[in-house]
Each structure stands twice: as structure tokens, then as C-alpha cells.
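Since every read-out is calculated from the coordinates, none of them should be taken as a lab result. For clarity, every value in this text was computed on a predicted model and none was experimentally measured.
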Amino acid sequence: MSGFDFSRAMRDLCVDISLRVPEFTHVRMERIAVTFAQTRRRVSHGLQAKLTPLRFEGGALTTQRRGRPWQIQRCYSGGVELLYILTFYLPRFQDQPFLEKLTTVMHELYHIGPQFDGDIRRLPGHYHVHSHSQKEFDAQMTVIAEAYLGQQPPRELYAFLEHSFGDLQTRHGRVVGLRAPIPKLLPLSGPGSGRVA
């Protein structure tokens, strides 16, 4: 496939981060799909990236909602069951400043549960995703991003983050990568029930 493979570049970067950054040594990228979604409008504000967990709290395969059991659609890649989908919104994400992009990567990786069981990291208190202050949460992620750069990782791993989406298109002709629909929530009993493999 010709063009710049965003998913591959981001995966390679995340693998290196997981090897170098203590907060992410539990992350196993072979069980994470790295995808992109196209933003409808070319504006700088809005969602940059998101992590989709493929398990419920505590890594459970099922949950109860409205008195019925539900399961998230199971996803596989090369025979390996995936536990997370990491999605970046292009071109919006790629058009952010370099350090903000790297901070966003750290932000999404930090959401991966420390047990790496398909559940998110749940912080203490009512605001269990970003703690009581998303601003402080992001500031902490910037510190982690700067510490990673301080280890002097190979520049070729993160150099693509130094360019805008338009720069990547000009250099490589086009930007390609993996796209994946968000898995569905499936009822385990009643009409429409059934395991998806």
C-alpha cells in the first residue's frame, strides 16, 4: 500500500513508549488495534483521539443493563483477540503542535487498565477517568511525554508527529491506515442475541 501508513507509524511509536515509560510497561500493542477516523470538518478543536475498551469493569466479558446481560462484540486480528481500539481523528490530531500530539498519545495509553484486561484505568473518586481535573491530568501526561523525549528515543519513531497532515500528504502522496467500526454492544438473551467471534 503506497502512502504514509499512519497506523503502523503510531503502533511503532507506542511499542517504543511501552518499553521505555514505566507507566506503560503493562501495555501489549499486539492486542491493541491502532486505527484512524476522518473528521468531518477541518477545525482544530474537538476530539483528537479515544481509547475504546473491549471489556467491562474488571475485564468482565459481560455486564447487566436494564436487567439483561450484554457483551461487547469480540474483535480479532491474525487470530489474536484484541482488548482495545486506539483511534486518532485525522486530520485534526495531526494538525496539533508536536508536544500536544505526543501528550495525547500518552493520555490515551494511560487510560489502558493496569491489569491490561480490556478495562480502562479507573482512578479514585467520582471522576474515575480523568480524576477531578482534566487540565491537571493532561499536565501530568505532558510531563510523561517530556520524560520520554528525555530518554532520546530514535527520532524516526516520532518524526511523523512533527509534521501536519498536509505535510505528510505532500511528502508521501497520501495518508493511509487501519479503519475499524466501533464494536457493537450485543444482548446475550432475547431477539438479536448471539456470540460474535
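Points to keep in mind about this one:
- Over the chain, DSSP H runs of length four or greater, each weighted -39,500 (n - 2.57), average out per residue to a 222 nm ellipticity of -9000 deg cm²/dmol.
- Across A33, A49, A147, mean-square fluctuation computed from a Gaussian network of the chain (C-alpha pairs under 10 Å connected) peaks at A147.
- Proportion of all alpha-carbon pairs of the chain beyond 25 Å (%): 40
- The long axis of helix 134-150 is offset from the longest Cα principal axis of the chain by roughly 50 degrees.
- Only lysines eight or more places from K184 in sequence, or on another chain, were considered; those with a Cα closer than 27 Å are K50.
- Orientation-averaged projected area, Cα convex hull of the range 1-98 (nm²): 9.1
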